[in-house]
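To start, the structure itself, in structure tokens.
The values are calculated or read from the model by the stated rules, or taken from the named source; none is laboratory data. Predicted model, so just to flag it, every value in this text is computed and none were measured. Reconstructed Cβ throughout: ideal geometry from the backbone, glycine too, with neighbour counts over all protein chains shown. Please note that ligands, DNA and RNA were not included when accessible areas were found on the heavy atoms of the full protein model with its side chains. Shrake-Rupley method; radii C 1.70, N 1.55, O 1.52, S 1.80 Å.
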Amino acid sequence: MLPKERKGETISVWVRDPKIQKDVWHPYLDYEICIHTNSMCFTVKTSRVRRRFREFVWLRQKLQSNAMLIDLPDLPPKSPFFNINNAHNVAQRARGLQEFLNKVMQCPLLLSDSRLHLFLQTQLSLEEMEACASGQTKYTVSEAIQKFASSNRRFPAEEEEQTSCHLLPESSSALETKHDYLHSCKPAQEHRETWKTILAHSSPK
């Protein structure tokens, strides 16, 4: 939820659907982030992206460097005993990541940081987010978000189910909730790469 002075505007966020991804060196987990909001701070009102833990670490570092006087919430601890095949470990981390984002978005100053919006509403890499936020790309932050939203649009048959993402109770974790109504919130895996091509072709020369 937003601060009281912005009564009437809401931001709901869920961190869910952890998946094991293969890597050259070792597998890792990423999580789907669903956003549903009516806040004027957001270019796109509903979105879904996938991010891994180290990207959350990057986000917190960037937010802290741009708002030095604010005491940022903590991320879930990075334990050497964390096991991506342990359902309890993964559920705890997903809850912790969701709590982190909920607290971050209660702060208007943090909510104004373009890196937060690129993190939440595009699939840009860390380097690409930094470049875009610094004005070093041909596309603006808003254009990057809009192009990703267009490439990640649902098929018409799924439109009736689009509210299912934000019906998920805030206390639920990704592994603890297996209801069918969450399925429609799952993004197509190919969008993670193809949207960058769309963005490149749509950018002014």
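Contact map, the range 77-104: first residue more than 24 Å from LEU118 (Cα to Cα), second residue in a helix (DSSP H, G or I) and open to solvent by less than 20 Å² (accessible area, probe 1.4 Å), Cβ cut-off under 8 Å, separation 6 or more or different chains; pairs are ILE84/VAL90. For the range 77-91, does any single residue satisfy the condition of being among the charged types (D, E, K, R) and touching a strand residue (DSSP E or B) at 6+ places or on another chain (Cβ under 8 Å)? Scanning the range 77-91 turns up no residue that is among the charged types (D, E, K, R) and touching a strand residue (DSSP E or B) at 6+ places or on another chain (Cβ under 8 Å). For the criterion of being acidic (Asp, Glu) and closer than 18 Å to PHE148 by Cβ, GLU99 fails. Flag not set for GLU143, criterion: free of Cβ contacts under 8 Å to residues at least 40 places away in the same chain, farther than 19 Å from SER12 by Cβ and of a type in the set (Asp, Glu).
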